[in-house]
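Chemist: This is the structure, below, for whatever I ask next.
The values are calculated or read from the model by the stated rules, or taken from the named source; none is laboratory data. Because the structure is a prediction, the values reported are computed rather than measured. FYI the Cβ positions are ideal-geometry reconstructions off the backbone, even for glycines, and counts take in every protein chain you see.
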Amino acid sequence: MSKLAKGQWSEQKAWDWYNSREWIVGFNGYPSNCVNRIAMWQEYNHKEVFEQIEYEFALARDVGFNAVRAIPQFEVWYYQHDSFMRNFEEYLTLADKYGLKVMVVLGNDCTVPKSRFKPVVFGEQKVDWGYHSGIKQGPHTGDYKEPGYQLLDDPEFTEKYYEMVGEYAKKYGKDERIQIWDVWNEIDNSNRGSMSLKHMEKFFEILRENEVIQPLTADCWRYSYKTTDLPEPEKRALELSDVITFHCYGKYEDFVLLVERLKKEFNRPLICDEWLNRLEGNDIFNIFPFLHAEKIGSYHWGLIQGYSQTFEPWGGYFIRQRNGEYVDTRLWQHDLFRFNGLPYDQREIDTIKKFTSRK
């Protein structure tokens, strides 16, 4: 047993929490009529957006999901604070209505370089059709080497970020509708290295000082069965986590070996909070039954085809094609349902229902 960080749950407490609930099976993604998180959380077009959220929550419940991973947006909290907090409360209320517990993501290193960063403009959000994430020059283009940028890098906003986390902790730290705090998404991604490390540690500290009742975690994403030298930020994320969350969009065989390694190295519950990449055989037919059998929590990416276009392949796949490698880009990468609510593949939905009925 490794030494606990200050306020970190013991392994036994983490297992008691995990074993006291049914299999966690949820999804990521924005409502179909939103290209980004600004569109989702802003005041503009709120009624239509939340009608779509409710429709999708009902769809998720009918398939058997019981959880959803949500990523609020700092700029909406900062510039439209009061309406954002009302919207966030409404989101939790709707999720609870349809039996979905919420994982809330607070920090995020999946971003774009400063040369591509655009300040928030509220209102109608531009959609670039044909691009993963709905942004032609978004974080999934696979063609830049500069560090990603976020407002947190600006000292003017640093304390405001901490204030945001403190407000969440005080208002929702004892709220059963929130199941897990995902303190940081993919620390050191977007060529950021250790740029966010001290902020991630501060987020953990704020939540634990407020004695939130939910477990804390920060995702590992670079980990694989063959990783030998994990970057310091990701090591620290794992050291601080009450439960271990990981991302894996790779091949099924790699997924299995990664889980084997994580189980050996961490005696804590495992939750895969990002997966589903049909282009690599990381699909419903392979991964979903495996997660059920291994009692690993699941949040795949994407419920329904939408403006964010996460059914489109990452830009890196098209770069590989141009370099002469064959990639079957006819396949959807993420998402389960079409715009009209019909399944992408009915066999996938049948498989999901088969195992969620046993959770």
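Chemist: State all residues of the range 42-71 that are under 16 Å from the mean Cα position of the chain (by Cα) and either part of a helix (DSSP H, G or I) or among the polar types (S, T, N, Q) (or both); if no residue qualifies, say none.
Modeler: N66
Chemist: Can you find, within the range 194-231, the residue that is farthest from V183 (Cα to Cα) among those that are touching a strand residue (DSSP E or B) at 6+ places or on another chain (Cβ under 7 Å) and part of a loop (DSSP other than H, G, I, E, B)?
Modeler: Y223
Chemist: Also: Please verify whether V183 is in a loop (DSSP other than H, G, I, E, B), in contact with a Phe, Trp or Tyr (Cβ under 9 Å, 6 or more places away or on another chain) and among the β-branched types (V, I, T), treating the condition exactly as stated.
Modeler: no
Chemist: I want to confirm something. Restricting to the range 215-274 and keeping residues that are at pLDDT 95 or above and polar (S, T, N, Q), which single residue is nearest to the chain's Cα centre (by Cα)?
Modeler: Step by step, filter the range 215-274, then rank; the result is T245.
Chemist: If you don't mind, another one. What are the pairs, 6+ residues apart or on separate chains, where a residue within the range 168-188 that is on the phi > 0 side of the Ramachandran plot has its Cβ under 8 Å from a residue that is assigned to a strand (DSSP E or B) and modelled with pLDDT of 95 or more?
Modeler: Close Cβ pairs satisfying both conditions: E186/N108; E186/H247.
Chemist: As an exercise: evaluate E325 against (1) crowded, with 21+ Cβ neighbours inside 10 Å; (2) without any contact (Cβ under 8 Å) to a residue 24 or more places away in the chain and give the number of the one condition it does not meet.
Modeler: It fails just one condition, (1).
Chemist: Now for a different question. Can you pull out the residues in the range 21-60 that are under 19 Å from F355 (Cα atoms) and surrounded by fewer than 21 Cβ atoms within 10 Å (Cβ to Cβ)?
Modeler: Residues satisfying the conditions are R21, E22, W23, A58, L59.
Chemist: Hey, can you tell me all the residues within the range 1-41 that are part of a helix (DSSP H, G or I) and farther than 13 Å from G123 by Cα?
Modeler: E11, Q12, K13, A14, W15, D16, W17, Y18, N19
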